[in-house]
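Reading through the structure tokens given below for one structure.
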Amino acid sequence: MPHRKAEVKTTDLPDDMQQFAVEVAFAAIKTGGDNQEIASFIRNEVLREFPGNWHCIVGSNFGSEVTHGKRGLIFFKLAGHGILLFRTV
């Protein structure tokens, strides 16, 4: 079972959205599947709760440079996965 403690590296999301993202990511990882399936699960759950154009990248080693909407970015590590979730305008 994955460890529930997330290490948030950067974010501008409000606390409730951060908590939701981490909880959804935990559920996705616990369910299993590859990184694509985990990213899809996270994105779909976030879309149900928060409107906008959300994107999710999951992996253990990647770089990124994205433009995102205001209050629309979180990057965190959870159970060996790097998870980048962001909303575009």
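For LYS70, which lysines qualify as cross-link partners when the Cα separation must be under 20 Å and same-chain residues fewer than eight apart are set aside?
Of all the lysines, those that pass the test against LYS70 - Cα under 20 Å, at least 8 places apart if same chain - are LYS9.
Kirkwood hydrodynamic radius for region 13-55: how many Å is it when counted over pairs of different Cα atoms? All intermediate terms of the calculation are to be shown ahead of the outcome.
Working: mean 1/r = 0.0952 Å⁻¹.
The answer is 10.5 Å.
Among 8-17, 57-66, 79-88, what's the highest-first ranking by average C-beta atoms within 10 angstrom per residue? Display every interim value, and only then the final one.
Numbers: 8-17: 13.4, 57-66: 11.0, 79-88: 18.9.
So the order, starting with the most tightly packed, is 79-88, 8-17, 57-66.
For the chain, report the translational diffusion coefficient in µm²/s to the nearest whole number, using Stokes-Einstein at 4 °C, 1.567 mPa s, and a Kirkwood Rh over Cα pairs. Show your work: numbers first, answer last.
On the way: Rh = 12.8 Å.
For these conditions, the coefficient is 101 µm²/s.
For the chain, set up a Gaussian network in which alpha carbons nearer than 10 Å are linked by springs, and say which option among GLU37, GLU23, GLU49 fluctuates the most.
GLU49
Can you list the lysines whose alpha carbon sits under 16 Å from that of LYS5, skipping same-chain ones fewer than 8 residues off?
By straight Cα distance, LYS5 reaches LYS30, LYS77.
In percent, what relative contact order does the chain have, based on Cα pairs under 8 Å that are 6 or more apart in sequence? Don't jump to the answer; show the numbers that get you there.
Details: 140 pairs, mean separation 34.3, N = 89.
Over the chain, the number comes to 39 percent.
Nearest 10 degrees, 0 to 90: what angle lies between the long axis of helix 15-31 and the longest principal axis of the chain (Cα atoms)?
Taking Cα atoms only, the helix is inclined about 30 degrees.
The numbers here are math on the coordinates, done by the rules we state, and not lab data. Since the structure is predicted, the reported quantities are computational estimates derived from the model, not experimental observations. Please note: Cβ atoms are built from the backbone with ideal geometry, for glycine as well, and neighbour counts cover all protein chains shown.
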